[in-house]
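Working notes for the structure below.
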Amino acid sequence: MTATSTSPDAGASRHAMAVTLPSDCEVAVTRTFDAPRRLVWAANTVPAHLQRWLLGPDGWTMPVCEVDLRVGGAWRYEWAKPGETGFGFGGEYLEVVPEERLVYTESPAAGMPPAVVTMRLDEVDGRTVLTQTMRFADRASRDAAIRTGMNDGVAASYDRLDGVLAAIA
């Protein structure tokens with residue numbers, strides 16, 4: 001499966017997000033940003049930046065954003081929206097190669113088995129291609145994650161990230 005997705009109000013976005021299923025247990029998301037990878041790395045690892053863009057659909061906030069960015073370090077994000085049930089994810093960093101690669105586990109609070117996420121950043125002519133591959137325990141877990149509306153939330157967040165990158169440049 002290959003799909004191109006953007007958030008519902010992505011008219012301002014100039015970059016489509018590609019979502020693929022490389023295997024029965026994986027989802028890969030690729031998006032290009034008009035920023036050098038040092039800024040894309042910072043936006044993905046500094047809590048103050050993450051809390052500005054990693055929010056999914058409009059109306060959500062991230063009141064908890066804890067990052068211990070080292071191999072064996074833990075991370076925790078929690079989201080909230082008035083009138084909605086909040087949720088959170090956490091995990092452990094398995095590999096940290098600054099400005100190039102980040103590998104971590106991701107465990108949803110709902111009790112699904114943890115996924116292993118690999119984020120790779122490739123810079124070409126001052127633009128950064130971010131590829132994030134999520135490897136789930138099995139196909140059922142992968143498909144359950146997709147059914148949550150994950151693609152729309154990621155697309156909305158990445159569109160928001162464009163603005164954060166421009167602001168921190």
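The values are calculated or read from the model by the stated rules, or taken from the named source; none is laboratory data. This structure is a prediction, so every number in the text was calculated from the model and none was measured. We place every Cβ from the backbone using ideal geometry, glycine too, and count neighbours over all the protein chains shown.
For every residue, the table says whether it meets (1) among the β-branched types (Val, Ile, Thr); (2) modelled with pLDDT of 95 or more; (3) surrounded by fewer than 18 Cβ atoms within 10 Å (Cβ to Cβ); (4) in contact with a Lys or Arg (Cβ under 6 Å, 6 or more places away or on another chain).
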{"residue": "Arg76", "(1), (2), (3), (4)": "no, yes, yes, no"}
{"residue": "Phe87", "(1), (2), (3), (4)": "no, no, yes, no"}
{"residue": "Leu94", "(1), (2), (3), (4)": "no, yes, yes, no"}
{"residue": "Pro108", "(1), (2), (3), (4)": "no, no, no, no"}
{"residue": "Asp125", "(1), (2), (3), (4)": "no, no, yes, no"}
{"residue": "Met134", "(1), (2), (3), (4)": "no, yes, no, no"}
{"residue": "Ala155", "(1), (2), (3), (4)": "no, no, no, no"}
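Restricting the first member to the stretch 112-128 and to residues that are acidic (Asp, Glu), and the second to residues that are surrounded by fewer than 17 Cβ atoms within 10 Å (Cβ to Cβ) and not in a loop (DSSP other than H, G, I, E, B), the beta-carbon pairs closer than 7 Å and six or more apart or on different chains are Asp122/Val129. On inspection, Pro63 qualifies as more than 22 Å from Ala144 (Cα to Cα), without any contact (Cβ under 8 Å) to a residue 24 or more places away in the chain and in a strand (DSSP E or B). Only one entry in Arg101, Arg139, Arg147, Arg160 is of a type in the set (D, E, K, R) and either on the phi > 0 side of the Ramachandran plot or surrounded by 16 or more Cβ atoms within 10 Å (Cβ to Cβ) (or both), namely Arg160. For Arg31, the conditions (1) under 18 Å from Val129 (Cα atoms); (2) in a loop (DSSP other than H, G, I, E, B); (3) of a type outside the set (A, V, I, L, M); (4) at pLDDT 90 or above are fulfilled apart from (2). If the condition is being in contact with a strand residue (DSSP E or B) (Cβ under 9 Å, 6 or more places away or on another chain), over 30 Å from Gly126 (Cβ atoms) and part of a loop (DSSP other than H, G, I, E, B), then the stretch 83-111 contributes Gly86, Ala109, Ala110.
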